[in-house]
1. Determine which single condition Ala78 fails, assuming it passes every other condition in (1) within 13 Å of the ligand (Cβ to nearest atom); (2) at pLDDT 95 or above; (3) among the small types (Gly, Ala, Ser).
2. Please go through region 164-179 and give me each residue that is farther than 12 Å from Leu239 by Cβ, in a strand (DSSP E or B) and aliphatic (A, V, I, L, M), ordered by number.
3. Looking at (1) over 21 Å from Ala158 (Cβ atoms); (2) away from the ligand (no atom under 14 Å from the Cβ), which is the only condition Arg245 fails?
4. From the list Asn33, Asn38, which one is surrounded by fewer than 21 Cβ atoms within 10 Å (Cβ to Cβ), closer than 22 Å to Ile171 by Cβ, touching a Pro at 6+ places or on another chain (Cβ under 7 Å) and polar (S, T, N, Q)?
5. Could you tell me whether Ser176 is in contact with a Phe, Trp or Tyr (Cβ under 9 Å, 6 or more places away or on another chain), crowded, with 21+ Cβ neighbours inside 10 Å and not β-branched (Val, Ile, Thr)?
6. Please find, within region 128-149, the residue that is nearest to the ligand (Cβ to nearest atom) out of those that are in contact with a Phe, Trp or Tyr (Cβ under 8 Å, 6 or more places away or on another chain) and among the β-branched types (Val, Ile, Thr).
7. For region 180-206, name all the residues that are out of contact with any strand residue (DSSP E or B) (no Cβ under 9 Å at 6 or more places or on another chain) and either part of a helix (DSSP H, G or I) or surrounded by 14 or more Cβ atoms within 10 Å (Cβ to Cβ) (or both).
8. So Gln73 fits all but one of (1) modelled with pLDDT under 95; (2) assigned to a loop (DSSP other than H, G, I, E, B); (3) under 18 Å from the mean Cα position of the chain (by Cα); what number is the exception?
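The values are calculated or read from the model by the stated rules, or taken from the named source; none is laboratory data. Just so it is clear, the structure is predicted and the values come from calculations on it, not from any experiment. In this analysis, Cβ positions are derived from the backbone assuming ideal geometry, glycine residues included, and neighbour counts consider all displayed protein chains.
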Amino acid sequence: MYDEALHGKDHYEVDRRANAVLYEGIGEASVRNTALENRRFLGRAVRYLAAECGIRQFLDIGSGLPTMRNTHQIAQEADPDARVVYVDYDPIVAVHGRALLANKQTRIVTADMRDPESILDHEDTRDLIDFGRPVAVLFVAVFHFITREEDPAGIVSAFRARSAPGSYVAISHLTSDGTPAEEQRAWEAAFEGATSPLVFRGEGEIRALFGGYDLVSPGLVRPWQWHPSDDGSPETTSLFGAVGRLGAS
Ligand SMILES: C[S@@+](CC[C@H](N)C(=O)[O-])C[C@H]1O[C@@H](n2cnc3c(N)ncnc32)[C@H](O)[C@@H]1O
């Protein structure tokens, strides 16, 4: 669905049908703008982490299909040796990704973030990521697929517990603060038959996901306000995003 909203090439009839429901309920431009704003945030966050914070290892959780400007392409502009492990529970991601992301510093792991150990202890993760050194864990536009019962903060803390001081986390999330109730209902309806329900969270609940990390400036903001650049990011009020740094314990 996300790839279709970004005008990608890798989507199926079922995705297009689900997006048609979204476009009907919310407006096509608004949905596409939200997807693009999110993707631009991912790009700026990775560039910041690689170029300004010296991060050379990334775990991109809920990475989705390879599409415009993928994490390893941005990170490897800063350092061709930067390592990226992409993780998604959708096996289609690995099928498309293995062909497109062939690169010895890049792996694709098919795993479910609700079982963090299956990612942290995966042989590809262990091969590529040295948890004794700082790592950036990216959860971009994925926590809204995790219900409250599935303990989203517990998922972040499982990754934090393995991360060295000086590590980072980046999160973006659909929010109920700023999204009119009828739009929220249209988003939720479009995901009713999907693999996961969609869970909107308020600003406070999203901020709580960063527990144990210090938010880097400008804190938790609309993604287009986070280190804005002239990358053509649309300005919506559907999302929040931030990057947090793990200090010494
Ligand atoms: C909206 S896409 C985001 C893609 C990318 N992170 C970005 O922001 O551009 C969300 C992705 O998260 C994946 N996902 C959802 N729940 C997941 C879970 N429990 N474990 C792993 N991946 C998950 C979906 O399969 C989908 O590919």
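1. (1)
2. Residues of region 164-179 farther than 12 Å from Leu239 by Cβ: 164-170.
Filter again for in a strand (DSSP E or B), leaving 168-170.
Selection gives Val169, Ala170.
3. (1)
4. On the way: Asn38 fails: surrounded by fewer than 21 Cβ atoms within 10 Å (Cβ to Cβ).
Only one candidate qualifies: Asn33.
5. Values: in contact with a Phe, Trp or Tyr (Cβ under 9 Å, 6 or more places away or on another chain): yes; crowded, with 21+ Cβ neighbours inside 10 Å: no; not β-branched (Val, Ile, Thr): yes.
Judged against the criteria, Ser176 is not a match.
6. To start, the set of residues in region 128-149 that are in contact with a Phe, Trp or Tyr (Cβ under 8 Å, 6 or more places away or on another chain) comprises 134-138, 140-141, 144.
With among the β-branched types (Val, Ile, Thr) added as a condition, the list becomes 135, 137, 140.
Numbers: Val135: 16, Val137: 12, Val140: 4 Å.
Among residues in region 128-149 that are in contact with a Phe, Trp or Tyr (Cβ under 8 Å, 6 or more places away or on another chain) and among the β-branched types (Val, Ile, Thr), the one nearest to the ligand (Cβ to nearest atom) is Val140.
7. We begin by selecting, within region 180-206, every residue out of contact with any strand residue (DSSP E or B) (no Cβ under 9 Å at 6 or more places or on another chain); these are 180-183, 185-186, 188-197, 204.
Listed by number, the residues that qualify are Ala181, Glu182, Glu183, Arg185, Ala186, Glu188, Ala189, Ala190, Phe191, Ser196, Gly204.
8. The one condition Gln73 does not meet is (2).
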